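Please read the structure below before turning to the comments.
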Amino acid sequence: MNRLIRKLLFPLPYVVRWYLSRERTYHYKDLSIVVLPGVFHPGLFFSTNMLLAFISQQFLTGSKVLEVGAGTGIISLLAGRMGAEVTATDISSVAIVNIRRNAMKNNVQLTILQSDLFERVRLHKYDWIVVNPPYYPRNANKEEDYAWHCGEHYEYFEKFFAGVLAYLSDRGQIIMVLSDVCDLVTIKRIGKENGFEFAIMLEKDVWLDGKNYIFRVSPVML
């Protein structure tokens, strides 16, 4: 049924694209966020709001947080407001401009890096690695596609799981949000092949989008 509804509403993405063709604003608690054209809008998609709600309930004071694919930077800004030392990365040059602008606007100090996953991230151990990943199996044809497309053969996840362990502290945890719209079996298989297991921390039914999950992804203890 969900697939049928999404097919009937297929023109909706074009409406969203039109809306996102101009600079927009979004508010979460006391954070005021600018959303530049071409950057993932945190208010239009449930995944970011689910992550925000989850992160807001954690104790982050004094912890080191890495957000991979930060978009507007709203999750990084929330973590920074909660007392964490935060590094926010994104592959998109527009997203990097957006994060810097929002950090200044909200007076939150972040380390901001343009990086394809971990390529330009200095080797450092993080207590939290947070990611809202792209999961549509297509190749990106332009910069803004990286927010949605993970490569035809899930190259994003292959690269993520191959590199993430080096950045995780001994008691650190990876927090990843996914939906059952994506191929969870493939993503979990890639994680398992790289020595990781998935545990559901939170799940929500979302109209037109099936179930959304927040997973804690941890190295398998041998």
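The values are calculated or read from the model by the stated rules, or taken from the named source; none is laboratory data. Computed from a prediction, not measured in an experiment: that's the story for all the values here. Here the Cβ positions follow ideal geometry from the backbone for every residue, glycine too, while neighbour counts run over all protein chains shown. Surface areas here come from the heavy atoms of the whole protein model, side chains and all, with no ligands, DNA or RNA. Shrake-Rupley method; radii C 1.70, N 1.55, O 1.52, S 1.80 Å.
Descriptive notes on the structure:
- Residue in the stretch 127-144 that is farther than 20 Å from Leu44 by Cα and either among the β-branched types (Val, Ile, Thr) or buried (at least 20 other Cβ atoms within 10 Å of the Cβ) (or both) present: yes
- Selected residue (only one of Met201, Met221 is farther than 18 Å from Tyr135 by Cα and part of a loop (DSSP other than H, G, I, E, B)): Met221
- Residue selection: Leu178 satisfies the criterion of being assigned to a strand (DSSP E or B), open to solvent by less than 10 Å² (accessible area, probe 1.4 Å) and not aromatic (Phe, Trp, Tyr).
- Answer residue from the stretch 145-175, given it is crowded, with 19+ Cβ neighbours inside 10 Å and of a type in the set (Gly, Ala, Ser) and is farthest from Arg120 (Cα to Cα) among those: Gly172
- Residue check, Lys105 in contact with a Phe, Trp or Tyr (Cβ under 6 Å, 6 or more places away or on another chain), of a type outside the set (A, V, I, L, M, F, W, C), surrounded by fewer than 24 Cβ atoms within 10 Å (Cβ to Cβ) and farther than 12 Å from Leu51 by Cβ: no
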